[in-house]
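Undergrad: Got a structure here, written out as structure tokens. Questions coming.
The values are calculated or read from the model by the stated rules, or taken from the named source; none is laboratory data. Here the structure is a predicted model, which means the values were calculated and not measured. Glycine gets a Cβ as well: all are built from the backbone with ideal geometry, and neighbour counts include every protein chain shown. Only protein heavy atoms, including side chains, enter the accessible area calculation; ligands, DNA and RNA are left aside. Shrake-Rupley method; radii C 1.70, N 1.55, O 1.52, S 1.80 Å.
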Amino acid sequence: RQMCLRDRVGVEATDATEFYEDADADGFGGTITVTACEVPVGYVALDGDCDDSDGTINPGADELCDSADRDCDGNPTAGAMDVSSYSADSDGDGFGDPNDSQQACAAPTGFVGNDTDCNDDDAQLNPNTEWYPDMDRDGFGSQLSMHTQSCERLASASLNNDDRSDLNNGTNPD
């Protein structure tokens, strides 16, 4: 046992403590230890520092979305503070479902970095869907008229612009 000076000289100390070398001075020690009655210079009472050469890595550090295990929990991204929100893109149109999202460091497979899809079961319906006026209501939009981008189906509109004469429902590609 470590001998410590207490009230009486030479009495064996029963309360000597193990201290951990803190090479990076972050308040957490690594694997090098010393047993003493008082904290030696360069040592601390807390252990668990998984990289005692980097003061930003220790059990009290905030985890970030990088390759370093900053909080020494064995997982370099678990509990990361700088995650992003990703939304499911079931129809593969590049627009995410606002009702199905996850927080992660990188987009999981099948997820995208937006939540703007208006119908995640139909790749044709998204914020970039182009609707063409269909004045004769034959299911074919006009090539000559201005189109509108919208998630919602517009009255008297079609997803295609194949109509050669939108004023006569008898002239269409069918």
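Undergrad: Using r as the Cβ-Cβ distance of ALA45 and THR109, and R0 as 30 Å, what FRET efficiency do you calculate, to the nearest 0.05? Don't skip to the answer; put the middle values down first.
TA: Working: r = 45 Å, r/R0 = 1.48.
So, using R0 = 30 Å, E works out to roughly 0.10.
Undergrad: Moving on to the next point. Specify which residue in the list PHE111, THR33, THR148 is farthest towards the positive end of the charge dipole of the chain, using unit charges on the beta carbon of Lys, Arg (+1) and Asp, Glu (-1), about the Cα centre.
TA: Ranked along the dipole, the leading option is THR33.
Undergrad: Counting pairs of alpha carbon atoms under 8 Å apart in space and at least six apart in sequence, what relative contact order in percent does the chain give?
TA: Numbers: 407 pairs, mean separation 18.2, N = 174.
10 percent.
Undergrad: Loop sites only, by DSSP: take the GluC sites (Glu not before Pro) in the chain that have at most 12 other C-beta atoms within 10 Å and name the longest stretch containing none of them.
TA: Details: sites that count: GLU38, GLU152.
Between exposed loop sites, the widest span is 39-151.
Undergrad: Something else: Which percent of the accessible heavy-atom area of the chain goes to carbon and sulfur, probe 1.4 angstrom?
TA: Numbers: 4930 of 10630 Å².
Result for the chain: 46 percent of the exposed heavy-atom area is carbon or sulfur.
Undergrad: Oh, and also: Apply the Debye scattering formula to the stretch 46-86, with a single equal point scatterer on each alpha-carbon and no solvent, then give log10 I(q)/I(0) at q = 0.29, 0.32 Å⁻¹.
TA: Normalising to I(0) and taking log10 leaves -0.97, -1.12.
Undergrad: For THR33 and MET81, what is the calculated FRET efficiency with R₀ set at 35 Å and r taken between the beta-carbons, to the nearest 0.05? Mind showing how you got there, number by number?
TA: Details: r = 31 Å, r/R0 = 0.88.
Step by step, r from the Cβ atoms, then E = 0.70.
Undergrad: Can you find, among CYS65, ASN75, ALA45, the residue farthest towards the positive end of the dipole of the stretch 37-93? Put +1 on the C-beta of Lys and Arg, -1 on that of Asp and Glu.
TA: Positive-end residue among those listed: ALA45.
Undergrad: Also, quick follow-up: Would you work out the Kirkwood radius for the stretch 64-104? I mean one over the mean of 1/r across all pairs of different Cα atoms, in Å.
TA: Working: mean 1/r = 0.0854 Å⁻¹.
Every distinct Cα pair counted, the radius reaches 11.7 Å.
Undergrad: Calculate, in nm to one decimal, what ASP162 and ASP121 gain on full extension: separation in residues at 0.36 nm each, minus their alpha carbon distance.
TA: Details: separation 41, 0.36 × 41 = 14.76 nm, distance 2.48 nm.
Difference between extended and current length: 12.3 nm.
Undergrad: For the chain, take N as its residue count and report Rg(C-alpha) divided by 2.2 N^0.38 Å. Walk me through the numbers before you get to the answer.
TA: Details: Rg = 33.2 Å, N = 174, 2.2 N^0.38 = 15.6 Å.
It is 2.12.
Undergrad: Just for the chain, what percent of DSSP beta bridges are antiparallel, to the closest 5? Don't skip to the answer; put the middle values down first.
TA: Working: 17 of 18 bridges.
The antiparallel fraction comes to roughly 95 percent.
Undergrad: Another question about this same structure. Give me the dipole magnitude in Debye, nearest 20, for the chain about the Cα centre, with unit charges on the beta carbon: positive for Lys and Arg, negative for Asp and Glu. Write out the running numbers ahead of the final one.
TA: Values: 7 positive and 40 negative charges, 54 e Å.
Around 260 debye, computed over the chain.
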